[in-house]
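Each remark here refers to the structure printed beneath this line.
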Amino acid sequence: MGAVVVIGTGTIGTGWIALFAAHNLPVRVNSRRPDAEKVVRAALELFAPALPGAPDPAALLDRIEFEPDLARAVADADVVSENVPDDLELKQRLFATIEQTGTKALLLSSTSKLVPDDLGARMRDPARLVVGHPFNPPHLVPLVEVVAGSATAAAAVDETMAFLRSVGRQPVLLRRALPAFAANRLQSALLRECIHLVVEGVVTVPELDDLVTNSIGLRWSTIGPFQAFHLGGGEGGLRGWLSHLGSGLERGWAQLGTPALTDQTRELLITQTEQAYGDRTYAELAAERDRLHLAVLGALARARAEPS
């Protein structure tokens, strides 16, 4: 395979760089940051223990080159992974510029909310533009939401799915392109009620985190919401659960909070979060997160490999 170009060296971009390099792909990094190489080196040191085979960061760096010129960066590339800030104007200009280079690469955007038709609005032919939205951290969390636009070629979608599977991801093709896609919409809905519960003084920020990780978070690491409620209905399954308990669902939905993100609310959330987690650096927190994620993924893989 030819070079995989990663544009952007923020949190998502560096995660992709580490993952692609760990799968023995030649990676070309394009970034406007003057300290891009330093940032990538630090990311490799941080992420390497959670990558397949826990590779030596120096070995990963050997597979990476840095090219600040966009045209030279995308030349002969097979895949371009775009990871610049979620600014529509910025991304539209970038994709139009990439198209002008004449590259035939697959163009993957890591946007967390923008749909392909908007991203490719300034392109003459956005047939090879596809959204491949990862869940942070992309080097570890398997999910990637794949979203096609009205002009996206079916072959480009197939290439995207195959490429993501080749680097150990679990792509899910969304049947409709809608803002913020699916996983972020679910996360946002839960976060709204989390904020409501903290603002109302029901629980503190760290207590809310403990509540989730020791209940629905644990459940959802093994089965999804619909399967969970299907099991909750016993022998009657989801049909039985909805028949007996589902009548109160709409009443419950009506009682959910709709907190306003006022300055006071923001300060409350920030203060409690910093009190709970501010005694450790970003690198320390991220390393612990990766270690725990890896433990869960490893345990699940072993359990699924065992005969039932």
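Below 20 Å, Cα to Cα, which lysines can K104 reach? Residues fewer than 8 away in the same chain don't count. Output for K104: K91. Taking a ≥ b ≥ c as the square roots of the eigenvalues of the Cα gyration tensor, segment 222-304 is oblate, since a/c reaches 1.5 or more and a/b is not larger than b/c. For the chain, adding -39500 (n - 2.57) for each run of n ≥ 4 DSSP H residues and dividing by the number of residues yields -15000 deg cm²/dmol at 222 nm. Within the listed set V115, V198, V27, the Gaussian network model of the chain (springs between alpha-carbon atoms below 10 Å) gives the highest mean-square fluctuation for V198.
Surface analysis of the chain yields an accessible area of 56 Å² per residue, using protein heavy atoms and a 1.4 Å probe. For the chain, the extents of the C-alpha atoms along the principal axes are 60, 53, 45 Å, listed from largest to smallest.
In segment 81-155, the inverse of the mean reciprocal separation of distinct Cα atoms equals 12.4 Å; this is its Kirkwood hydrodynamic radius. The trypsin sites (Lys or Arg not before Pro) of segment 119-179 that meet both conditions, a loop assignment by DSSP and at most 13 other Cβ atoms within 10 Å of the site Cβ, are R124, R175, R176. With all protein chains in place and a 1.4 Å probe, the accessible surface of the chain carries 56 percent carbon and sulfur.
The values are calculated or read from the model by the stated rules, or taken from the named source; none is laboratory data. Only a predicted model underlies this, so the values are computations on that prediction, with no experimental measurement involved. Note: ideal-geometry Cβ built from the backbone for every residue, glycine included; neighbour counts use all protein chains shown. Ligands, DNA and RNA are stripped out before the accessible areas are found, and what is left, the full protein with its side chains, is counted by its heavy atoms. Shrake-Rupley method; radii C 1.70, N 1.55, O 1.52, S 1.80 Å.
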